[in-house]
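Just so you know, all these numbers are worked out from the coordinates, no wet-lab data involved. Quantities reported herein were computed from a predicted structural model and do not represent experimental measurements. We place every Cβ from the backbone using ideal geometry, glycine too, and count neighbours over all the protein chains shown.
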Amino acid sequence: SSPAECWSVLRRRGKLFCRSQHKFVFYRRALRHTAYTYIDFRKLNFDFQKTKIFVSEKPGSRRNKIIENTKNMENDSKKRRRELETRIIEKVGEVITAVKNANRVDEVICALHSIASLLFPIDSCLLSGVIDQRYRDQVLSAKVPCANERDDLWRVFYQGPAFSTLARFLLLDVASNWLACFPFSARKHVYDIFFVNGLAVEVAQTLVPCLQQSRSDVIDINAIQSNVERLVVLCLLENNGVLQMAREFSVTSMSEDSTNGWPRPIISRVAQLVASVPDKAGLRAPTSLSSHLFFKQLTIQLLSGAEERAITLSDKEASFGISETDGTLLFVGETFCRICRRGSSDVLLHEVISQIFRHVQQVLLSNSDADLTELFGSNPGSQVWSKIMGAIKDPYTVERMSELLLHQLASEHVTDVEAYWIIWLLFHQIFYQQTSVRSMLVDKFLLWKVFPVCCLRWILQFAVFGCPPVADPLSKDHETVGLIDTVQRLVAVWSKKEFVQSATMEQQACWKALFI
């Protein structure tokens, strides 16, 4: 068919084929003979309305010129990226070769400086005092790219194979052969900088697996192990690398099978790697890598990242259904699951309760006459807790955290009002959205778990009354009916012979005290 005939077919049958599963095949075949072959329909976000508008345009229209210009810009960008990738990979190869052929530590420092100066704004004068004169001129005369070009090289370096290649060489060969000879300033500016100032997600995926070495061809495994542990402490703890990872997961990438742009498997893998650090650390590792101290710092950073992200989502008026699939919140939820699965739920809950308790006290003291439900619900600092719980997909983690929460609140002797709002902040959304959570609180916790009487009272207040303890729970008819139905069902189960025989004396005492 001629181009004119193809265009006629598009205008006449476009609407029909837009609704067909063969729409891409049809349009690509129809446009093959026209001047619009540059359009890649697989990469366009097609829907009926957009396609209908497109096929209504005439050849040579302004819309088609915009599409052509956009396509050309994309091609130029891809070409530019390929050139930078080739350049940086070649540079990595040159640096590795130069280090392998080096006879003096100054040669190693100069080789690493030649690539570090391309990626980071380094003050070369800081190295001039720690290397010999004949190498000093080489360092000071190194060509430094402009800021924009340096940013492009940095992205290509960390998002491609260049970083992982150089990082393994730094962690294995350089650490075992040369790092002990590095002056402190040289180690900071041409060695540590590749890990401290990089993409935290990529750095973690490279560093953590190297905590356990099994290679037999490495000269000094102990030197490599201690250096990796030092870098893990430096990057993840001292420089808040976990917080940086949470921020990076909020940035959209171009992956298709993704959550907020990041593939779910990557988020899960990074969470698993971070949580495995205490297990992978050696016997002589720094105390900050012990389970208790490491998970404590990990939780603090994760809560900070979740709070930042929750405020951002609130500013954008994002709904809960959107935010629960946010990369940052999913990373927080996945990491919390790993911490609980590794037996450190108490460390996690201690930090969670400390922060949420301070928040509840501030709100209660500053707004005594306001509608607390509306106040807590509209406060961005309050919304973060429900979003974190919504991001935790592991039922075991939810149950374990809930059980420990109630026990710790009881041990800290919080008031009924404070306990209610803490429970409300954490569960008020997932309680109505997830049947498993309702069953956990109303059935499992009330019937089968042993709690102090105050905990049972808090569960009834939240899950049955649905109002703060200062209000009259019998003032609303639907709440009265709900209370009667729940109490009748629980008493019926509790009064059964089989249940009484299987229940412990402690459980029976709690139930008697509750109903009395």
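Length gain on complete extension for the stretch Leu126 to Glu238, per 0.36 nm per residue less the alpha carbon to alpha carbon distance?
That works out to 38.1 nm of additional length.
Taking amide H positions as modeled 1.01 Å from N, with prolines and chain starts lacking one, the residues under 5 Å from Trp262 and 5 or more places away or on another chain are Ser253.
Net length available on complete extension from Thr86 to His292 is 69.7 nm, with 0.36 nm assigned per residue and the Cα-Cα distance removed. Spacing of the modelled spin labels on Arg284 and Asp394, each 7 Å from Cα toward Cβ, amounts to 3.2 nm. Using a Förster distance of 25 Å, how high is the FRET efficiency between Arg269 and Arg168, based on the Cβ-Cβ distance and rounded to 0.05? Between Arg269 and Arg168 the formula returns 0.90.
Residue ranges 340-348, 298-306, 202-210 sort as 298-306, 202-210, 340-348 when ordered by packing (mean number of other C-beta atoms within 10 Å per residue, highest first). Expressed in Å, the radius of gyration and Dmax of the Cα atoms of region 341-407 are 13.7, 43.
Just to confirm my numbers, what's the Cα centroid distance between region 172-190 and region 373-423 in Å? With region 172-190 and region 373-423 each reduced to a Cα centre, they are spaced 47 Å. Taken over region 322-475, the percentage of Cα pairs per 5 Å bin, counting from 0 up to the bin with the maximum distance, is 1, 9, 19, 23, 24, 15, 7, 2, 0, 0.
For the set Lys296/Lys449; Lys100/Lys143; Lys78/Lys100, the pairs lying more than 25 angstrom apart at their alpha carbons are Lys296/Lys449; Lys78/Lys100.
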